[in-house]
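Accompanying notes for the structure given below.
The values are calculated or read from the model by the stated rules, or taken from the named source; none is laboratory data. Treat the numbers as computed from the prediction; the structure is a model and nothing was measured. Cβ placement follows ideal geometry from the backbone for every residue including glycine, while neighbour counts extend to all protein chains displayed. To get the accessible areas, we keep the full protein, side chains included, count just its heavy atoms, and leave off ligands, DNA and RNA. Shrake-Rupley method; radii C 1.70, N 1.55, O 1.52, S 1.80 Å.
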Amino acid sequence: MERTGRIIKSISGFYDVLDDENEELIRTRARGNFRKRKIKPLVGDKVGFDATGDLGYILEILPRENSLVRPPIANIDQAIVVTSSAEPNFSSNLLDKILVNIEHNDIEPLIYLTKADLLTAEKYNDLKQILQGYQTAGYQVFDDQDSYNDDQLEKLEATFADKVTVFTGQSGAGKSTLLNHIDKELGLATAEISQTLNRGKHTTRQVSLFDIADGLVADTPGFSSIDLMEITPEELPSLFPEFLKYSGQCQFRGCRHVNEPNCKVKEELAEGQIMHSRYDNYLYFLNEINSYKKRY
Ligand SMILES: Nc1nc2c(ncn2[C@@H]2O[C@H](COP(=O)(O)OP(=O)(O)OP(=O)(O)O)[C@@H](O)[C@H]2O)c(=O)[nH]1
Ligand SMILES: [Mg+2]
Ligand SMILES: [Zn+2]
């Protein structure tokens, strides 16, 4: 009889499935007809499987709620965007790009600042101001100068219950280090200090889900850049939650907030209710998306 479970790890063609019924971990291979349709199982997938012998077989992938390409994972409720303030430096462009991709997949993003201990008091205060803007835009922000402040870690853990959470962000931002502080038994590999500035070096190579604070939490490989290939120009304005707050009051339905008259978003921008850096990144992304269309 077919059982159901969730893929929590994938290693060279094998998938470790956590059985829904008895929480048993079963190593499987993929065998269902989804393979003919070129659907590759992802960590986070809910699957139907059969396990009579030593090795189980995935027979079907149950419908996905959502899935990300970078990192490759399915059925996610929230994403912790681990955002480095130094080594690598904070980039509002990269942060906004990550947020837009997450919003596009209907996943709730939270922003978690790391490495602020490497900043001067002045630089840290500047960055806090910027992050305050993200809070006003509607995001939950964790911005203590000590990334591993106990109260803050507790607050973060409290968001895990009954959810699937993915840690995502630039390579070297400190995702695995943060997870090691949350669960002292994980012992995830992290970069040596001396390698931190070695660009293109990825320490975490696989997506794996761990059982933490009554939820499932994924460490994932970082990236050095991401694109906006899946996003249309029509949809982009709706991926900035603070624009959505005001776009109902723009004169034109479907206003892109660029050159349209009586645009409430541009009014709020002028009033200082919307961050200039977010608006500038919006225009920049719109351009980038339009340039993909010309090329293909
Ligand atoms: N000073 C300081 N160093 C940190 C902090 N967080 C992480 N690091 C260091 O940054 C380096 C990279 O951390 P990792 O946890 O390996 O980064 P990662 O995001 O998991 O990187 P990938 O697995 O490549 O995606 C390590 O040397 C950490 O010790 C922090 O808050 N402060
Ligand atoms: Mg890592
Ligand atoms: Zn508008």
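In the set (1) free of Cβ contacts under 8 Å to residues at least 24 places away in the same chain; (2) open to solvent by less than 60 Å² (accessible area, probe 1.4 Å); (3) among the hydroxyl-bearing types (Ser, Thr, Tyr), residue 15 fails one condition alone, (1).
Listed here are the residues, each with its yes/no results for (1) open to solvent by 20 Å² or more (accessible area, probe 1.4 Å); (2) β-branched (Val, Ile, Thr); (3) in a loop (DSSP other than H, G, I, E, B); (4) not assigned by TED's automatic domain parsing to the domain that holds residue 135.
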position: 28; (1), (2), (3), (4): no, yes, no, yes
position: 34; (1), (2), (3), (4): no, no, no, yes
position: 41; (1), (2), (3), (4): no, no, yes, yes
position: 44; (1), (2), (3), (4): no, no, yes, yes
position: 47; (1), (2), (3), (4): no, yes, no, yes
position: 58; (1), (2), (3), (4): no, yes, no, yes
position: 81; (1), (2), (3), (4): no, yes, no, no
position: 86; (1), (2), (3), (4): no, no, yes, no
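Looking across the stretch 246-296, the residues that are open to solvent by less than 100 Å² (accessible area, probe 1.4 Å), within 9 Å of ligand 3 (Cβ to nearest atom) and among the polar types (S, T, N, Q) come down to 247, 262.
Provide a single number: the residues in the stretch 198-257 that are away from ligand 2 (no atom under 16 Å from the Cβ) and of a type in the set (Gly, Ala, Ser). Full working, then the answer.
Residues of the stretch 198-257 that are away from ligand 2 (no atom under 16 Å from the Cβ), as a first pass: 211, 213-216, 225-257.
From what's left, of a type in the set (Gly, Ala, Ser): 213, 215, 225, 238, 247-248, 254.
The total comes to 7.
Whether a residue is in contact with a Phe, Trp or Tyr (Cβ under 8 Å, 6 or more places away or on another chain) and within 16 Å of ligand 2 (Cβ to nearest atom) was assessed, and residue 265 does not pass this test.
Please go through the stretch 26-79 and give me each residue that is over 18 Å from residue 220 (Cβ atoms) and among the charged types (D, E, K, R), ordered by number. Steps first, please.
First, pick out the residues of the stretch 26-79 that are over 18 Å from residue 220 (Cβ atoms): 26-39, 46-63.
Hits for the stretch 26-79 are 27, 29, 31, 35, 36, 37, 38, 46, 50, 54, 60.
Across the stretch 162-177, the number of residues qualifying as within 13 Å of ligand 2 (Cβ to nearest atom), not hydroxyl-bearing (Ser, Thr, Tyr) and not in a loop (DSSP other than H, G, I, E, B) comes to 4.
Any residue at all in the stretch 108-116 that is open to solvent by 10 Å² or more (accessible area, probe 1.4 Å) and more than 18 Å from residue 285 (Cβ to Cβ)? The answer is yes; a qualifying residue exists.
Of all positions in the stretch 68-75, none carries a residue that is within 19 Å of the chain's Cα centre (by Cα), under 30 Å from residue 174 (Cα atoms), of a type in the set (S, T, N, Q) and part of a strand (DSSP E or B).
Per the listing 234, 242, the residue uniquely in contact with a Gly (Cβ under 9 Å, 6 or more places away or on another chain), more than 30 Å from residue 7 (Cβ to Cβ), more than 16 Å from ligand 1 (Cβ to nearest atom) and assigned to a loop (DSSP other than H, G, I, E, B) is 234. Quick check, is residue 221 within 16 Å of the chain's Cα centre (by Cα) and either within 8 Å of ligand 1 (Cβ to nearest atom) or not charged (D, E, K, R) (or both)? Yes.
Is there a residue in the stretch 17-28 that is over 24 Å from residue 211 (Cβ atoms) and modelled with pLDDT under 90? Steps first, please.
Applying the first criterion (over 24 Å from residue 211 (Cβ atoms)) to the stretch 17-28 yields none.
Taking every residue of the stretch 17-28 in turn, none turns out to be over 24 Å from residue 211 (Cβ atoms) and modelled with pLDDT under 90.
Quick check on residue 159: is it in a loop (DSSP other than H, G, I, E, B), away from ligand 1 (no atom under 16 Å from the Cβ) and over 21 Å from residue 221 (Cβ atoms)? So residue 159 fits the description; yes. So which residues in the stretch 121-160 are exposed (fewer than 13 other Cβ atoms within 10 Å of the Cβ) and among the aromatic types (Phe, Trp, Tyr)? None; the set is empty.
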